[in-house]
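The values are calculated or read from the model by the stated rules, or taken from the named source; none is laboratory data. This is a predicted model, so every value here is computed, not measured. Cβ placement follows ideal geometry from the backbone for every residue including glycine, while neighbour counts extend to all protein chains displayed. Note: accessible area is taken over every heavy atom of the protein model, side chains too, but ligands, DNA and RNA are not part of it. Shrake-Rupley method; radii C 1.70, N 1.55, O 1.52, S 1.80 Å.
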Number of protein chains: 2
Amino acid sequence: MSETGFHLQSSARAAVTEDSAAAGALRLAIIGTGLMGTSIGLALRTRTGAYRIAGWDPRAESLHAAYERQAIHRSASSLADAVSDADLVLIAAPVDHVSAIAQELARSAPPGVTVTDMAGTKRRIVQECESILGSRFVGGHPMAGSELAGPGCARADVVTDAPWIITPTARTDPGAIAAVETLIRNAGSCPIRMTPLEHDRMAASLSHLPHVVAYALMGSIGRPLDPGTLRLAAGSFRSATRVAASDPEHWTAIMSDNADAILDAIDRLQSRLNSIRSALADADAERLRALLADGHRT
Amino acid sequence: MSETGFHLQSSARAAVTEDSAAAGALRLAIIGTGLMGTSIGLALRTRTGAYRIAGWDPRAESLHAAYERQAIHRSASSLADAVSDADLVLIAAPVDHVSAIAQELARSAPPGVTVTDMAGTKRRIVQECESILGSRFVGGHPMAGSELAGPGCARADVVTDAPWIITPTARTDPGAIAAVETLIRNAGSCPIRMTPLEHDRMAASLSHLPHVVAYALMGSIGRPLDPGTLRLAAGSFRSATRVAASDPEHWTAIMSDNADAILDAIDRLQSRLNSIRSALADADAERLRALLADGHRT
């Protein structure tokens, strides 16, 4: 299998330099052609000829839009059709759909296919997908995205120069890791290895908590939000609540899946807010200044 | 006095259409040529010839930079020199310096001069400045700005189309209000009237609280922040902490000055965070979904 991995690596590397013929291209299946799946297709097709991309999405309109935008070479008639001859499968689906897709891949994808995902949590997904797909599954999560949704909002540069975390385990096949790292580099991103637990803790602080805060801030200013009020909002409020435009359904699934790590992150934030609150309540400017200085982003 | 106000209005209106000669221009003094004072000077000089602008700043280098950037026509040798013949004075200084400047203006500005400020809090400042300057003081606060500082970062469009709140009282001279509203329109912004209390409550929720959150978020992820960590931060974290780059000294003064309203805003946010926290802890996806939907920014 690592031989396949080597082949994936070398051909993809070549692709970065001289655009390889479709003949020599790897067969990539992108499952889920929403904003991220379509963006990766666009990134790969813009940057390299190394992949022949089949796409599938349960929503026909999303699949059609991804094809219209030329993010995929072929829009498949089913998940099984998309992966039937795949060398590599990128699951670009919500966290609560990844394992079910892995089950389907176990039935319909060729043996030896490398599978990776882009979901925002990793512990449960890696455990489940590894038990379903074995050593050829490599968990992944690009630390990039958008509060927008759908292939219409996809951009070829969404992951450009962004860190793309992968979470291989002791069991993961080295060739599969190499194939996924090559895919990530060809998409213009930078692969970084972590354990699933390291990822989930980091993501809780640097991605999930800011989403909790954005929804909480919007919710805390009172509903219904009269149109005049948001117009008055300073840039600071707009920045802090930008991602509260993200799909609540999607984020309910992510937060539920990483609850323990997010609870720790919320507790650390609450303790900071309590310190600032008490410095304000005590009119202790010295303590307040020290707290702001400690949180000063330099 | 309202006659002066009318004159200010009409001449400034004319200025928007045909660039009025320097002769007919109003004498405006900008006290404080940091990012905001310099930006307003640039905005006015870019958009209209209605004002002849003198500037002063206690930091010689800031004053020099504002003059070099042509945000002001004249760099004054002292505050008294800047305002000696002023029709209108714009105090662009930190919240904790405004009243002291008003004291100086009471000594050195011509009688009948209209004075306004741009500070982020209004109750105390309006009360103090009104007692010092009387009916010609009009409190103001543009709901725009930047986490950056200094005339070098000033931009002519910082307040373009942004709401600029003014907080006249029953005592405020109508001519002074008209003069300040004309100045605001000539800078490309939109004047909105509120009471000082309405302003401070609104600013606590829509500007001060997001700053508290930004400093708290940065502080909560642990110090020293290893360079790799922030690199991993998703866009959501960067957005939420952007204003934590603001000067802690400056924000200690603003928060201290509006503590009661900010405490209320922090309490509302913490109660939201507690609700989300308990929904997560109870693995109650329904409740979590409802809370995110309620805070969904549409």
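Among residues of the stretch B:251-276 that are among the charged types (D, E, K, R), those with a Cβ under 9 angstrom from a residue that is crowded, with 19+ Cβ neighbours inside 10 Å and outside any helix (DSSP H, G or I), sequence gap 6+ or separate chain, pair up as B:ASP257/B:VAL95; B:ASP257/B:ASP96; B:ASP257/B:ALA119; B:ASP257/B:GLY120; B:ASP257/B:THR121; B:ARG268/A:ILE221; B:ARG272/B:GLY295. Within the stretch A:223-235, is there a residue that is β-branched (Val, Ile, Thr), touching a residue at least 40 places away in the same chain (Cβ under 8 Å) and open to solvent by less than 50 Å² (accessible area, probe 1.4 Å)? No, the stretch A:223-235 has no match at all. Consider B:VAL16 carefully, then state whether it is of a type in the set (Val, Ile, Thr) and modelled with pLDDT of 95 or more. Judged against the criteria, B:VAL16 is not a match.
Reported count of residues in the stretch B:94-107, each being part of a loop (DSSP other than H, G, I, E, B) and open to solvent by 20 Å² or more (accessible area, probe 1.4 Å), is 3.
Among the residues of the stretch A:253-283, just one is open to solvent by less than 50 Å² (accessible area, probe 1.4 Å) and acidic (Asp, Glu), namely A:ASP257.
On the given criteria, is B:SER205 small (Gly, Ala, Ser), modelled with pLDDT under 95 and within 19 Å of A:SER275 (Cα to Cα)? So B:SER205 fits the description; yes.
Matching residues to (1) of a type in the set (Val, Ile, Thr); (2) open to solvent by 10 Å² or more (accessible area, probe 1.4 Å):
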{"site": "B:ILE132", "(1), (2)": "yes, yes"}
{"site": "B:ARG136", "(1), (2)": "no, yes"}
{"site": "B:THR160", "(1), (2)": "yes, yes"}
{"site": "B:THR167", "(1), (2)": "yes, no"}
{"site": "B:VAL180", "(1), (2)": "yes, no"}
{"site": "B:ALA203", "(1), (2)": "no, no"}
{"site": "B:ALA216", "(1), (2)": "no, no"}
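Yes or no: the stretch B:117-128 includes at least one residue that is open to solvent by less than 60 Å² (accessible area, probe 1.4 Å), under 25 Å from B:LEU42 (Cα atoms), over 12 Å from the mean Cα position of the chain (by Cα) and touching a residue at least 60 places away in the same chain (Cβ under 8 Å). The answer is no; no qualifying residue exists. Quick check on my filter: what residues within the stretch A:282-298 are within 39 Å of the chain's Cα centre (by Cα) and under 11 Å from B:GLU249 (Cβ atoms)? Within the stretch A:282-298, A:LEU288, A:ARG289, A:LEU292, A:ALA293, A:HIS296 qualify. Annotation note: Cβ proximity below 8 Å between a residue of the stretch B:37-63 that is within 18 Å of B:PRO142 (Cβ to Cβ) and a residue that is in a strand (DSSP E or B) and open to solvent by 20 Å² or more (accessible area, probe 1.4 Å) (sequence gap 6+ or interchain) occurs for B:TYR51/B:ARG27; B:ILE53/B:ARG74; B:GLY55/B:ARG74; B:GLY55/B:SER75. When the residues of the stretch B:285-297 are narrowed to those that are within 7 Å of chain A (Cβ to nearest Cβ) and in a helix (DSSP H, G or I), which ends up modelled with the lowest pLDDT? My answer is B:ASP294.
Restrict the check to the stretch B:242-252 and report whether at least one residue is open to solvent by 20 Å² or more (accessible area, probe 1.4 Å), of a type outside the set (D, E, K, R), at pLDDT 95 or above and over 14 Å from A:LEU291 (Cβ atoms). Checked the stretch B:242-252: no residue is open to solvent by 20 Å² or more (accessible area, probe 1.4 Å), of a type outside the set (D, E, K, R), at pLDDT 95 or above and over 14 Å from A:LEU291 (Cβ atoms).
To keep it simple, each residue is scored yes or no on (1) of a type in the set (A, V, I, L, M, F, W, C); (2) at pLDDT below 95; (3) in the same structural domain as A:ALA214 (by TED's automatic domain parsing).
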position	(1), (2), (3)
A:ALA100	yes, no, no
A:GLN103	no, no, no
A:ALA106	yes, no, no
A:GLY134	no, no, no
A:GLY140	no, no, no
A:ALA162	yes, yes, no
A:ARG171	no, no, no
A:GLY175	no, no, no
A:ARG185	no, no, no
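If you go through the stretch B:174-193 and keep only what is touching a helix residue (DSSP H, G or I) at 6+ places or on another chain (Cβ under 8 Å) and among the aliphatic types (A, V, I, L, M), you end up with B:ALA176, B:ILE177, B:ALA178, B:ALA179, B:LEU183, B:ALA187, B:ILE192. Considering the stretch B:199-284, the qualifying helices (runs of 4 or more DSSP H), each wholly inside and each with 3 or more residues that are under 23 Å from B:GLY139 (Cα atoms) and more than 7 Å from chain A (Cβ to nearest Cβ), run over B:248-257, B:259-281.
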